[in-house]
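A single structure is presented below for examination.
The values are calculated or read from the model by the stated rules, or taken from the named source; none is laboratory data. Only a predicted model underlies this, so the values are computations on that prediction, with no experimental measurement involved. Positions of Cβ are generated from backbone atoms using ideal geometry, with glycine treated the same way; all protein chains shown enter the neighbour counts. Ligands, DNA and RNA are excluded from the accessible area calculation, which covers all protein heavy atoms including side chains. Shrake-Rupley method; radii C 1.70, N 1.55, O 1.52, S 1.80 Å.
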Amino acid sequence: MSLDKITLSVIIPCYNQGEYILDAIASVEDCFEANFELIIVNDGSTESLTLEVLDYLQRQEYQIIHQSNQGLATARNVGIKASQGKYILALDADNKIRPNYIIKGIETLDQFPPVGVVYGDKELFGDRTGIWQVPDFDPTRLLQSNYIDACAVFRKTLWQDCGGYDPNIPEKLGFEDWDLWLSALEKRWEFYHIPEVLFDYRVRAKSMVTRCLIPENQEKLIRYLRTKHQTLYQG
């Protein structure tokens, strides 16, 4: 694929998630109708299965960036910085997308220049199942909680405008995506909800999200975000 024809870049950070990442990659490759690239960022994985899988992918000529463990925000930033697409789809290594997510994301951003973020509903699998329908964009709701998953399609210029994902999140606990959406709101980017299931979200007991929801961690993160984005919260 010629790099000058790439419209969208899929960024998959990976830290010891080798047992899942092949499913994530397969879900991306099910989309045959768009010009996209796939970039995997190995964020200092140490687990043997993950290293074996990454070595296999490297031998299959997948684009992999290796770095020391620096956390999810930096891993995503490194991948996006190396990307060629004008649009970005952030995909965690343990999740999967539906084939039409890429197509619909590109079509929406092409059609509506003020829109910076396109997001959809998700289907849960793993430890819990079900359809998770999210509402259309509401800035007041976004200030209260992050209902827009990291698995969204957004403009690379939005990422640049907002200074990327914040690597200074307290103890790298999470909420990097919520912080980016708040920054986008501050910069007056618009959000667009496609009301259909566009990705599959794996629910597992020891995921990063579970750390975020521990009360003391959640309190620490929310305090950080409210301080950083105080113009939004005071407005």
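Might you report the magnitude of the Cβ-based charge dipole of the chain about its Cα centre, with Lys and Arg at +1 and Asp and Glu at -1, to the nearest 20 debye?
With only Lys, Arg, Asp and Glu charged at Cβ, the dipole is about 640 debye.
Checking a compactness column here: for the chain, what do you get for Rg(Cα) / (2.2 N^0.38 Å), N being the number of residues?
Compactness ratio reported: 0.96.
Can you compute the helix-only [θ] at 222 nm over the chain? Use -39500 (n - 2.57) per DSSP H run of at least 4 residues, normalise by all residues, nearest 500 deg cm²/dmol.
Value at 222 nm, helices only, nearest 500: -11500 deg cm²/dmol.
The range 1-49 to the range 58-132: how many Å between their Cα centroids?
8
Quick check on the chain: of the DSSP beta bridges with both residues there, what percent are antiparallel, nearest 5%?
25
Let me ask something additional. Report, ordered by chain and residue number, the lysines lying within cross-link reach of LYS104, taken as a straight Cα distance under 18 Å and ignoring same-chain residues fewer than 8 apart.
The reachable lysines, counting only those whose Cα sits under 18 Å from LYS104, are LYS5, LYS86, LYS96, LYS122, LYS156.
Using each residue's phi in the range 195-200, evaluate 6.51 cos²θ - 1.76 cosθ + 1.60 at θ = phi - 60° and report the 3J(HN,Hα) Karplus result to the nearest Hz, with x for Gly and Pro.
Result, rounded to whole Hz: x, 7, 5, 10, 7, 10.
At 0.890 mPa s and 25 °C, plugging the Kirkwood radius over alpha-carbon pairs of the range 111-167 into Stokes-Einstein gives what diffusion coefficient in µm²/s?
184
How far is it, in nm, from the label point at ASN168 to the one at LYS5 when both lie 7 Å from their Cα along the line to the Cβ?
Label at ASN168, label at LYS5, 4.3 nm between them.
How many nm is it between the label spots at VAL134 and LYS81, if each spot is 7 Å from the Cα in line with the beta carbon?
The two pseudo-label positions are separated by 2.6 nm.
Be a star and scan the range 71-109 for residues whose amide nitrogen sits under 13 Å from the point 7 Å along the Cα-to-Cβ vector of THR157.
Within reach of a label on THR157: 86-87, 109.
What percent do you get for the relative contact order of the range 130-235 when only Cα pairs under 8 Å and 6+ apart count?
Relative contact order, the range 130-235: 33 percent.
Could you put LEU91, LEU213 in order of accessible surface area, largest first, with the 1.4 Å probe and the full protein assembly present?
LEU213, LEU91
Once the Cβ-Cβ distance between GLN111 and SER48 is put in as r, and R0 is 45 Å, what FRET efficiency do you end up with, to the nearest 0.05?
Given R0 = 45 Å and the Cβ-Cβ separation, E is 0.45.
Right, next: For ARG98, ARG141, give the ranking by accessible area with the largest first, probe 1.4 Å.
The ranking, largest first, comes out as ARG141, ARG98.
Let me ask you something else. Indicate the gyration tensor shape class of the range 72-197 (rounded, prolate or oblate), computed on the Cα atoms with a ≥ b ≥ c the square roots of the eigenvalues: a/c under 1.5 is rounded; otherwise a/b larger than b/c is prolate and the rest oblate.
Note, shape of the range 72-197 comes out rounded.
Amide H neighbours of GLY126 under 5 Å, at least 5 residues apart or on other chains, H built in the peptide plane: list them.
VAL203
For TYR62, which sequence-distant residues (separation of 5 or more, or a different chain) have an amide H within less than 5 Å of its own amide H, given hydrogens modelled in the peptide plane?
none
Could you order the peptides 39-46, 110-117 from most to least packed, using the average number of other C-beta atoms within 10 Å per residue?
Top of the packing list down: 39-46, 110-117.
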